[in-house]
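The values are calculated or read from the model by the stated rules, or taken from the named source; none is laboratory data. Just so it is clear, the structure is predicted and the values come from calculations on it, not from any experiment. Every residue, glycine among them, receives a Cβ derived from its backbone with ideal geometry; neighbour counts consider all protein chains shown. Surface accessibility is based on the protein's heavy atoms, side chains included, excluding ligands, DNA and RNA. Shrake-Rupley method; radii C 1.70, N 1.55, O 1.52, S 1.80 Å.
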Amino acid sequence: MTPLPVDAALPALLDALRARGAAVLEAPPGAGKTTRVPGAILDAGLAGDREVVVLEPRRLAARMAARRVADERGEKPGETVGWQVRFEDVSSARTRIRFVTEGVLTRRLLSDPTLPKVGAVVLDEFHERHLQGDVALAMLRALQRGARPDLKLVVMSATLDGGPVARFLGGDDDPAPTVRSEGRRFDVAVEHLPRMDDRPLSALVSSALGSLVTRGLDGDVLVFLPGAAEIRRAMETCADLARRHDLLVLPLHGDLPPAEQDRAVNPASKRKVILSTNVAETSVTIDGVAAVIDGGLARVAAHAPWSGLPTLRVQKVSKASATQRAGRAGRTREGVCLRLYTRHDYEARPEFDPPEVKRLDLAETTLELHASGVREPRDFGWFEPPTDAALDAAESLLRDLGAVTATGALTPTGRAMLRLPLHPRLARVVVESARQGSLDRGCTAAALLGERDISAARRGAGLAGGGGGWSPREAEAHGDSDVTALVARFEAAAAQGFDARALRDEGLDPGAVAAVERVRRQLSRVARSVESEGTGASPGDADEALRVALLAGYPDRVARRLRGLELVMVNGGSAKLDPRSEVQRAEFLVAVDAEERTDVKARGAVVRSASAIEPEWLMELFPDAIRETVEGRWVAADERVDAVTRLYYRGLLLDEGRAPPSPEAERAVADVLAREALAKGVSHFAGDRDALDRWVARLAFVAEQFPEAKIAPPGDDALGEALRRLCEGRRSFAELRDAGLLEGLRAGLDGTQRALIDRAAPERVTLPGGRAVKVHWVRAKAPWIESRLQDFFGMAEGPRVASGRVPLVLHLLAPNQRAVQVTTDLAGFWSRHYAGIRKELCRKYPRHPWPEDGRTATPPAPRRG
């Protein structure tokens with residue numbers, strides 16, 4: 001075998017494993033750690049007669065690394081060296097080195113917790129900090145410290161500081177050994193765009209490739225692009241340039257057949273241009289690369305905020321990733337890296353990508369932890385713990401799906417879901433499909449929802465936030481489900497043998513359809529064990545069975561149509577249905593996928609894919625979430641409350657009807673009537689507008705003047721309580737107004753108190769001429785009256801209240817009803833002011849009598865009214 005840089009570090013690594021059982025290996029990309037370390041562990045006998053399992057972050061990396069190690073050992077894959085990824089197992093009874101993706105090991109730990117057939121585990125590319133890698137590391141450490149102290153653990157990283165991992169494996173005071181391999185590195189000249197360039201990425205790649213050719217390209221070129229779609233476009237754009245300069249342009253990504261992957265990696269007779277995803281960043285080493293063109297983007301694992309389903313999002317790579325990409329040009333000689341972004345853009349990027357445990361949906365991981373016996377995920381020995389909010393959201397969803405109990409115990413449904421390598425939502429869809437007698441369609445739907453968008457015109461905007469999408473065409477007819485419509489299109493394509501031309505004519509992407517069919521077929525095979533536990537239900541209406549299953553997987557996304565496209569969600573939020581959805585008539589539906597829009601003109605959630613449901617299904621699937629109540633319904637137009645019965649699913653109204661008479665109905669009506677009456681204001685139900693305020697002011701006045709009477713003026717709370725009591729047995733504002741709120745308040749006083757109030761704080765006083773004048777009572781103000789000046793003729797002093805203790809404030813009015821004097825001292829007014837005021841009044845109102853001495857004058861007869 002050709003010597004590799006990591007070979008020099010292998011003796012120290014093996015010694016560390018013999019001494020401590022765990023070690024960290026830091027080695028740069030291209031050092032050979034992926035291909036050399038597993039074999040060294042096996043050949044040194046450190047795994048005994050057991051397997052060496054190697055965790056890889058990607059399926060392509062697992063396949064290619066296994067094939068390369070097998071080739072170095074002079075064998076075919078599947079003999080001593082094999083691989084196992086989702087739905088694919090290339091191994092045999094002879095296999096001793098097994099490359100697996102991280103999720104495969106997690107599930108193996110669930111089914112076989114002590115890993116009796118595994119002697120050593122190597123976690124490769126740990127610096128990428130995948131969620132499943134973090135979980136696997138924590139589980140393996142716990143296993144090593146418990147039932148398997150003989151288990152050997154190696155954590156390998158290209159860029160991550162190994163210190164925290166070493167402390168996690170060994171302890172803060174005695175960390176596990178760290179071994180470093182410096183590797184061979186040659187200088188790489190890094191060039192950035194001088195300024196931003198708005199051309200498509202494929203055009204930028206073609207320009208950069210043309211520049212390398214012009215300079216006299218000597219060697220292969222590795223181009224980093226976000227995904228397969230961008231690779232296809234770049235191949236088309238660079239085709240003419242490649243023909244003119246005899247370049248071999250090859251794709252490299254996870255969906256390619258193994259032969260095409262090998263073609264991109266293996267030496268060729270002419271210069272190669274390898275258009276690759278970030279799989280070539282660290283996991284796969286390609287000899288002969290002299291130049292790198294870095295698009296600066298990658299599709300990174302994320303999740304759809306609406307559904308929680310995993311998806312891939314295009315984003316800028318971190319500085320660490322950019323550095324690793326550039327280093328691929330300097331493995332065997334000096335090279336060059338052309339970055340298709342500016343230096344300023346590079347400097348603004350984060351140093352590292354945040355670990356997935358801080359940004360991904362945790363539902364699947366939490367379900368796996370519960371299956372391993374972890375009742376409280378917060379107590380799990382995380383390498384780096386997730387946020388409490390993320391764990392709470394995961395726990396809530398698992399309870400909604402019926403996968404775990406409130407105490408964290410796994411249910412039979414949860415155990416069935418665990419057998420399926422799917423997000424819990426989709427696993428629940430498949431499990432329920434089996435129970436409904438429609439497993440095949442459930443597997444098809446899960447594959448469509450979980451994989452790529454199959455619509456050629458809508459690539460990257462999937463039905464589940466990254467999964468299969470519905471037709472880009474405007475819906476020609478209304479149906480019951482966007483998902484069943486998509487399944488029908490897929491089944492029609494299958495009936496035609498997935499003919500590529502027919503698929504394109506139908507607006508479907510042949511490659512995406514093939515990927516979905518591959519997953520559907522493999523998923524159907526795995527799901528047969530779930531079907532055997534079904535209820536034995538007859539398939540009946542296949543579309544209805546699938547719609548029931550979708551409800552089971554999305555119980556927290558139920559919605560009711562208000563009007564047109566307006567929806568109210570089960571959580572109380574609102575959303576709009578996309579006009580392209582087929583579900584234009586159903587009153588109740590499940591929002592399978594939605595997009596949260598934040599632009600000023602279109603805020604809120606837009607439901608892009610929906611499936612109609614019947615309320616009865618909610619009662620059958622989620623009886624504990626159904627609640628029937630008797631409530632009052634406010635009829636604003638009539639200012640009236642009706643008693644109604646209402647049926648709710650988690651707060652979402654399902655049905656409403658008139659309630660029969662009952663004490664419960666009476667209480668409900670009274671509660672709503674009181675709520676609306678209080679909102680209107682207590683004073684509206686106490687006679688004229690000011691009657692209540694006058695009454696309260698009179699009580700306050702008497703309470704102040706006669707504290708011994710123990711009269712307490714009612715505050716807002718007491719008045720509100722009085723109004724609430726008045727609502728009992730009544731249904732409308734009209735009945736409340738007729739009920740006599742003031743009379744009820746008066747009735748709350750004893751007879752002596754009522755008599756004192758009437759005597760000490762009267763509503764009217766009578767003047768000498770016989771005129772009864774209204775006393776104005778306003779809280780915190782002195783009581784006052786107003787009348788014509790002539791009405792006070794014959795009075796030496798003004799009237800008093802509170803048994804003569806308090807003089808009333810007198811507003812003495814001219815014939816035009818304007819006050820000529822405001823006073824509490826009528827005697828002083830006659831002696832000091834009347835003479836001057838009399839002259840002015842005589843001049844203005846000569847027809848009115850203005851005697852010289854008001855104290856002795858005869859008042860006029862009282863006016864009528």
Hey, can you tell me all the residues within segment 371-422 that are touching a residue at least 40 places away in the same chain (Cβ under 8 Å), open to solvent by less than 20 Å² (accessible area, probe 1.4 Å) and either assigned to a loop (DSSP other than H, G, I, E, B) or aliphatic (A, V, I, L, M) (or both)? LEU397, LEU401, ALA416, MET417, LEU420, LEU422
Flag if LEU841 is among the hydrophobic types (A, V, I, L, M, F, W, C) and either within 26 Å of GLU763 (Cβ to Cβ) or touching a residue at least 60 places away in the same chain (Cβ under 8 Å) (or both): no
Only listed residue being within 22 Å of PRO783 (Cα to Cα), aliphatic (A, V, I, L, M), surrounded by 17 or more Cβ atoms within 10 Å (Cβ to Cβ) and touching a residue at least 40 places away in the same chain (Cβ under 8 Å), chosen from LEU736, LEU726, LEU741, LEU745: LEU745
Considering (1) within 18 Å of ALA326 (Cβ to Cβ); (2) in contact with a strand residue (DSSP E or B) (Cβ under 7 Å, 6 or more places away or on another chain); (3) modelled with pLDDT under 95, say which one VAL221 fails and leave the rest. (3)
Identify the residue in segment 140-159 that is assigned to a helix (DSSP H, G or I) and open to solvent by 20 Å² or more (accessible area, probe 1.4 Å) and, among all such residues, is nearest to GLU182 (Cα to Cα). ARG141
Single residue of segment 351-366 satisfying the filter (in contact with a strand residue (DSSP E or B) (Cβ under 9 Å, 6 or more places away or on another chain) and open to solvent by 10 Å² or more (accessible area, probe 1.4 Å)) that is modelled with the highest pLDDT: GLU364
Among the residues listed as LEU209, LEU247, LEU252, the single one being surrounded by 18 or more Cβ atoms within 10 Å (Cβ to Cβ) and either over 29 Å from ARG67 (Cβ atoms) or in contact with a Lys or Arg (Cβ under 7 Å, 6 or more places away or on another chain) (or both): LEU247
Take segment 326-370 and flag every residue that is in a helix (DSSP H, G or I) and among the aromatic types (Phe, Trp, Tyr). TYR346
Name, by its number, the condition in (1) touching a Cys at 6+ places or on another chain (Cβ under 6 Å); (2) closer than 22 Å to VAL775 by Cβ that does not hold for LEU673. (2)
Can you list the helices (runs of 4 or more DSSP H) lying wholly within segment 643-742 that have 2 or more residues being of a type outside the set (Gly, Ala, Ser), modelled with pLDDT under 95 and closer than 30 Å to ASP556 by Cβ? none
Hey, among the residues in segment 618-633 that are out of contact with any strand residue (DSSP E or B) (no Cβ under 6 Å at 6 or more places or on another chain) and open to solvent by 50 Å² or more (accessible area, probe 1.4 Å), which one's nearest to THR405 (Cα to Cα)? ASP624
Candidates VAL607, VAL672, VAL644 - the one that is within 35 Å of the chain's Cα centre (by Cα), without any contact (Cβ under 8 Å) to a residue 24 or more places away in the chain and open to solvent by less than 20 Å² (accessible area, probe 1.4 Å): VAL644
Restricting attention to segment 316-334, does a residue exist that is touching a strand residue (DSSP E or B) at 6+ places or on another chain (Cβ under 9 Å), under 27 Å from ASP453 (Cα atoms) and surrounded by fewer than 21 Cβ atoms within 10 Å (Cβ to Cβ)? yes
Exception for VAL122 within (1) open to solvent by less than 40 Å² (accessible area, probe 1.4 Å); (2) in contact with a Gly (Cβ under 7 Å, 6 or more places away or on another chain); (3) within 19 Å of ASP49 (Cβ to Cβ) falls at (2)
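Answer yes or no: is there a residue in segment 85-103 that is open to solvent by 10 Å² or more (accessible area, probe 1.4 Å), within 23 Å of GLU451 (Cα to Cα), polar (S, T, N, Q) and touching a Leu at 6+ places or on another chain (Cβ under 8 Å).
yes
What strands (runs of 3 or more DSSP E) lie completely within segment 771-865 and have 3 or more residues being aliphatic (A, V, I, L, M) and surrounded by 12 or more Cβ atoms within 10 Å (Cβ to Cβ)?
809-813, 819-823
Table: residues versus (1) at pLDDT below 95; (2) part of a strand (DSSP E or B).
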site	(1), (2)
PRO539	yes, no
ASP543	yes, no
ALA575	yes, yes
ARG585	yes, no
ASP593	yes, yes
VAL607	yes, yes
LEU618	no, no
VAL630	no, yes
